[in-house]
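The values are calculated or read from the model by the stated rules, or taken from the named source; none is laboratory data. Just so it is clear, the model here is predicted, and its values are computed rather than measured. Counting neighbours? That spans all protein chains shown, and the Cβs are built from the backbone with ideal geometry, glycine included. Surface areas here come from the heavy atoms of the whole protein model, side chains and all, with no ligands, DNA or RNA. Shrake-Rupley method; radii C 1.70, N 1.55, O 1.52, S 1.80 Å.
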Amino acid sequence: MTAHRSSSSTPFQRFRRAATALVCVFAALPSYAQDVAAPYDDRLNRFAELLGSIHYLHNLCGTTDQRWRTAMNDMLATEKPEPIRRARLVASFNKGFRSFDSVYTGCTMQARSAADRYVAESRLIARDIVTRFAD
């Protein structure tokens, strides 16, 4: 990864780089038993919730691609959580998705702003997990 970032990269491109690094970390981390939480589970659940929120907001604003749902599926495929952990992550994604359906019924500047903030927060969480838990 180069130190130089293009000022023309989109929030999604920056998120994608952070998420790719996060996926690499998941591949290197040990699997945890059903009754034992991974030390990064709280952050990972928030990450899943953010992905769900971003997915809803982007769909609301006319972006019909499935990249945020795909990012969630990629995370689950890489993390390979036990059933209880998987259920928590999926519930977090769904919570994020549903959290805006009663608030935003149409695409507004506030909805776009919330999506941008959540992309930035998800990037920070991905970076934090990589920094703290990578070998």
Please give the number of the condition PHE93 fails out of (1) in contact (Cβ under 8 Å) with a residue 24 or more places away in the chain; (2) surrounded by fewer than 18 Cβ atoms within 10 Å (Cβ to Cβ). (2)
Need the failing condition index for MET75 against (1) assigned to a helix (DSSP H, G or I); (2) open to solvent by 10 Å² or more (accessible area, probe 1.4 Å), just the number. (2)
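Residues checked against (1) part of a helix (DSSP H, G or I); (2) at negative phi; (3) modelled with pLDDT of 95 or more; (4) not basic (Lys, Arg):
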position	(1), (2), (3), (4)
ASP42	yes, yes, no, yes
GLY62	no, no, no, yes
PRO81	no, yes, no, yes
ARG85	yes, yes, no, no
LEU89	yes, yes, yes, yes
SER92	yes, yes, yes, yes
LYS95	yes, yes, yes, no
SER102	no, yes, no, yes
Given (1) part of a helix (DSSP H, G or I); (2) buried (at least 19 other Cβ atoms within 10 Å of the Cβ), identify the lone condition not met by THR131. (2)
Taking LEU76 and the conditions (1) within 15 Å of the chain's Cα centre (by Cα); (2) at pLDDT below 90, which numbered condition does it fall short on, given that it satisfies the others? (2)
